[in-house]
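First the structure, in the form of structure tokens, and then the observations on it.
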Amino acid sequence: MEVDKKDERESESSEQVVNPWEVSAKDGGKIDYDKLIDKFGCQRLDESLIDRVQRLTSRQPHVFLRRGVFFAHRDFNEILDAYEKGDKFYLYTGRGPSSEALHLGHLIPFMFTKYLQEAFKVPLVIQLTDDEKCMWKNLSVEESQRLARENAKDIIACGFDVTKTFIFSDFDYVGGAFYKNMVRVAKCVTLNKAMGIFGFSGEDHIGKLSFPPVQAVPSFPSSFPHLFPGKDNLRCLIPCAIDQDPYFRMTRDVAPRLGYSKPALIESSFFPALQAKNGKMSASDPNSAIYVTDTAKDIKNKINRYAFSGGQDSVEKHKELGANLEVDIPVKYLSFFLEDDSELEHIKKEYGEGRMLTGEVKKRLTEVLTEMVERHRRARAAVTDEMVDAFMAVRPLPSMFE
């Protein structure tokens, strides 16, 4: 059984809380990812797997792989073993549409998933959990559906291939084979087990208790008979942030009992808030995040005012002691989004030894993020309602495995 005592609810005295709805560390400290790996029972993504990705795809690994942004996995090695033998797989990721626009932290799984889709030439399903956000965020059904379509435009703007990608809204798609798999999963998970895995209590409404099977079953190919007819043994790889792991620990536990393969996962760390006060950027605090709708002026102001610096209090002291790169948010953001490895290492060395000042690092970050957000804004402006309809149409994908 994959779901064991490690999945039991954390005590009130726990130093960090990481679940699909809350990410926080004690006293605003750092998330301890080694403890998360131990607690969740996943594995660290090592260099040998990254080297295999490069060898199998004949392309340089994504910056998120090279720099450890995606750092943990479940059975990713088995996906690579099967791929090396000529067996294909499909990708599944998702988005809970709770805000009008995405921030940079929201983009990370989609940027990485796009790379995986291109590198391995495989199909992709993207779930928009508008039902989940309706229940957790107290949004109306209609508003949740509207936000799902708006978020779909940001996702499409990342550059996915419409001939290999199916985007679906739970409110629109759940039914038929998908719903049958939901019921099969629901019958395998007791109330006690769900409370242990997800921390549900008697005060939660029953809609929350019923949701986990909805997020589980896109990892079974039979949930998409129009995409994968007769391919019930097709393996699934899920790129996601590690806070989504509880859903898929549950899924991996029940999959063999239903005759399905366990989904594999490749999991990322959290994109930190500008103020570095907690585990990740928060859509509830606009000053903690850079949004894809922010102007160049917004980005500059947010970085200069809110991005926590590891530099010293004075220029003299900074030149003497250098910056603390472990806590410096501009350096962390550059580690995510500055493509040039040699430039990043140069900045770290010069800044860490005090020869580069905080203002210079923030200026470079402002340039990188402004260019990235402007590029995304142009791509999103080109996404029409007809394009959204095309991605969300229930249809076969003609070039699925080409």
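The values are calculated or read from the model by the stated rules, or taken from the named source; none is laboratory data. Quick caveat, the model's predicted, so the values are computed rather than measured. Positions of Cβ are generated from backbone atoms using ideal geometry, with glycine treated the same way; all protein chains shown enter the neighbour counts.
A few remarks follow.
- Qualifying residues in segment 345-358 (those that are closer than 18 Å to Phe308 by Cα and under 30 Å from the mean Cα position of the chain (by Cα)) - the one surrounded by the most Cβ atoms within 10 Å (Cβ to Cβ): Tyr351
- Candidates Val174, Val185 - the one that is surrounded by 20 or more Cβ atoms within 10 Å (Cβ to Cβ), within 25 Å of the chain's Cα centre (by Cα) and not small (Gly, Ala, Ser): Val185
- For segment 204-223, taking the residues that are under 22 Å from the mean Cα position of the chain (by Cα) and outside any helix (DSSP H, G or I), the one that is farthest from Phe166 (Cα to Cα) is identified as Phe211.
- Counting the residues of segment 213-239 that are modelled with pLDDT under 95 and either farther than 14 Å from Pro123 by Cα or not assigned by TED's automatic domain parsing to the domain that holds Arg184 (or both) gives 3.
- Selection count, segment 63-78, where residues are out of contact with any strand residue (DSSP E or B) (no Cβ under 8 Å at 6 or more places or on another chain) and more than 13 Å from Ser269 (Cβ to Cβ): 3
- Phe401 being of a type in the set (Phe, Trp, Tyr) and assigned to a helix (DSSP H, G or I): no
- Qualifying helices (runs of 4 or more DSSP H) (wholly inside segment 71-138; at least 2 residues being more than 27 Å from Ala273 (Cβ to Cβ) and modelled with pLDDT of 95 or more): 76-84, 104-120
- Some residue of segment 291-314 being touching a strand residue (DSSP E or B) at 6+ places or on another chain (Cβ under 6 Å) and modelled with pLDDT of 90 or more: yes
- Any chance Glu150 is within 27 Å of Val383 (Cβ to Cβ), of a type in the set (Asp, Glu) and out of contact with any strand residue (DSSP E or B) (no Cβ under 6 Å at 6 or more places or on another chain): yes
- So Val361, is it surrounded by 12 or more Cβ atoms within 10 Å (Cβ to Cβ), among the β-branched types (Val, Ile, Thr) and closer than 15 Å to Gly159 by Cβ: no
- Selection count where residues are surrounded by fewer than 18 Cβ atoms within 10 Å (Cβ to Cβ) and part of a helix (DSSP H, G or I), scope segment 150-162: 1
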